[in-house]
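Each value in this text was obtained by applying a stated rule to the coordinates, not by laboratory testing. As the structure is a computational prediction, the values presented were derived from the model and not from experiment. Cβ: placed from backbone, ideal geometry, glycine included. Neighbour counts: every protein chain shown.
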Amino acid sequence: MPKIFTSDSFSPEERESRKDFIDKHTPYISCDGIAQKGVPLMVHVRVGREHAHIDDFNHYISTITLFDADRMLAKVELAACIVSAEERRGNAEVAFSIVPNKDVYHFNAQCYCTKHGVWQGDELEIRVI
C-alpha cells in the first residue's frame, strides 16, 4: 500500500516552511446546502485551497477519490493539461452527487499527484436530516 501524505506527515516546522507545497497537494471538501436523506447532495473536492497544483504532462493530479470513512464513494481520473486555466496551473476540482441514505457521513478525499504520490485532506463530518 502506498504512503498517504497528510499535513500531519510533516513536523510543525516543515508544515510552516512547506505550506504552499502541502496546500497545492491537499484535497479540500465542501458541500452545497443541507444533507437530507434521499435528496442529492453536491460534494465538491478541490485540490489546493490557496495554491493551484502544476498541470503538465509529467506532473499533475491524475485522480480524485471521495470516501465515507474507508468506503470509496466516487473516483475521477484526470488527464494531463486538461484543467489548466493559466500556463501550467491546474484547477483540479470535481463535484460528486451523493444521495444520502444514512444519518452521518465522514467524508474524506484523496488525490494522486504523478510526482508526489497520494495525499489526503481532513475529514468532513456531515449530519443528515
Let me know the Rg and Dmax you get for the chain when you use only its Cα atoms, in Å.
15.0, 45
GNM on the chain, C-alpha springs below 10 Å: top fluctuator among Ala79, Ala52, Ala92?
Ala79
Taking Tyr28, Tyr112, Tyr105 and counting other C-beta atoms within 10 Å, the order from fewest to most
Tyr28, Tyr112, Tyr105
Sequence of Thr26, Thr6 once ranked by neighbouring C-beta atoms within 10 Å, starting from the fewest:
Thr6, Thr26
